[in-house]
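Shown next, in structure tokens, is the structure this report addresses.
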Amino acid sequence: MNSYVVGSKVVHPCYGAGVITRIQEKSIGQATSTYYVIKTACRSMQVMVPVDRADSVGLRGVGEPSRLRSMLALCAHAPRDHEIEKDLRTRQNDMREQLKSGQFADAVAVARILFFLNHRRPLGTIDRQLLEQGKDLLAGELALAEDIDFGRARQEIESLLLQMVTRGE
């Protein structure tokens, strides 16, 4: 079981990267539980995660910058045809699940496929939302890992994705 302290940089699978700002006890009825209070990097939001359920929720530490950067390098390369699910509903459901996993590599896969498809033709509403969510998840974790501003991290992600379509792969 992972144990975090105030100031720990963590990733929540649904809400992305954030910093634990405090650990507090909260009583609900007769039960008292201890919670991590996390301020997310990409939205001004606080998330509370029960300390005793942090592992089962999927809370994890932010990745090492060098590892994140090596995964991000894939964003500059167009996906192959076999990587792109042809059925729209299946693709969208699969991508929702990938983003909910909270894994950086999954968010990279979603962002690069949707960015590539958007270059071919404008995305529909759901795909656009998934693309934005993927870019936000990537930028949030990169920002905390590298100790840079979220906006700058987001620009880096956009720049890498743009390389994919300007390289002519």
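One residue alone among L114, L99 is under 20 Å from V11 (Cα atoms), assigned by TED's automatic domain parsing to the domain that holds A73 and out of contact with any His (no Cβ under 9 Å at 6 or more places or on another chain), and that residue is L99. Of everything in the stretch 4-32 that is touching a residue at least 24 places away in the same chain (Cβ under 8 Å) and in a loop (DSSP other than H, G, I, E, B), the residue that is surrounded by the fewest Cβ atoms within 10 Å (Cβ to Cβ) is C14.
Out of the residues in the stretch 48-105 that are in a helix (DSSP H, G or I) and touching a strand residue (DSSP E or B) at 6+ places or on another chain (Cβ under 6 Å), state the one that is surrounded by the most Cβ atoms within 10 Å (Cβ to Cβ). Restricting to residues being in a helix (DSSP H, G or I) and touching a strand residue (DSSP E or B) at 6+ places or on another chain (Cβ under 6 Å), the top hit is V51. Mind checking which pairs have a first residue in the stretch 139-159 that is closer than 19 Å to V10 by Cα and a second that is among the polar types (S, T, N, Q), Cβ under 8 Å, 6 or more apart or different chains? Once the first residue is closer than 19 Å to V10 by Cα and sits in the stretch 139-159, its partners that are among the polar types (S, T, N, Q) give G140/T40.
The values are calculated or read from the model by the stated rules, or taken from the named source; none is laboratory data. Since the model is a prediction, treat every value here as computed from it, not as a measurement. All Cβ positions, even for glycine, are placed from backbone atoms using ideal geometry, and neighbour counts span all protein chains on display.
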